[in-house]
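Scroll down for the structure; my scribbles are underneath it.
Computed from the coordinates by the stated procedures, all read-outs in this text should not be read as laboratory data. On a predicted model such as this, the values are computed, not experimentally measured, just so you know. Here Cβ is always computed from backbone atoms with ideal geometry, including for glycine, and neighbour counts include all displayed protein chains.
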Amino acid sequence: VDTQGNICLDILKEKWSALYDVRTILLSVQSLLAEPNIESPLNTHAAELWKNQVAYKKYVRETYNKQAKSQET
């Protein structure tokens with residue numbers, strides 16, 4: 001998922017088939033979110049963070065705190 005909310009899912013692009021139903025597509029999206037492909041990332045920053053869980057947790061905390069602080073005003 002990139003910063004704009006776009007996803008890169010092969011069944012929505014080059015592997016598209018009219019045989020796919022909504023259930024199949026949603027399961028594919030769920031799988032992508034649970035196990036992102038960090039070897040071919042759409043969001044390289046997120047992929048690097050995913051590889052380094054300490055940096056990832058720090059980034060999430062900082063982002064959360066920044067958002068929470070902006071909500072207070």
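Taking every C-alpha pair closer than 8 Å and separated by at least 6 residues, the mean separation divided by the residue count of the chain gives a relative contact order of 26 percent. Scalar couplings 3J(HN,Hα) for segment 49-63, obtained by applying the Karplus form with A = 6.51, B = -1.76, C = 1.60 to θ = phi - 60°, are 5, 4, 6, 10, 5, 5, 5, 4, 5, 5, 4, 4, 4, 4, 5 Hz; x denotes Gly and Pro. Modelled spin-label separation between W16 and H45, with each label point placed 7 Å from Cα along the Cα-to-Cβ direction: 2.9 nm. Modelled label positions at K58 and L9, each set 7 Å beyond Cα in the direction of Cβ, lie 3.3 nm from each other.
Charges were assigned to the Cβ only: +1 to each Lys and Arg, -1 to each Asp and Glu. The resulting dipole of the chain about its Cα centre is roughly 300 debye.
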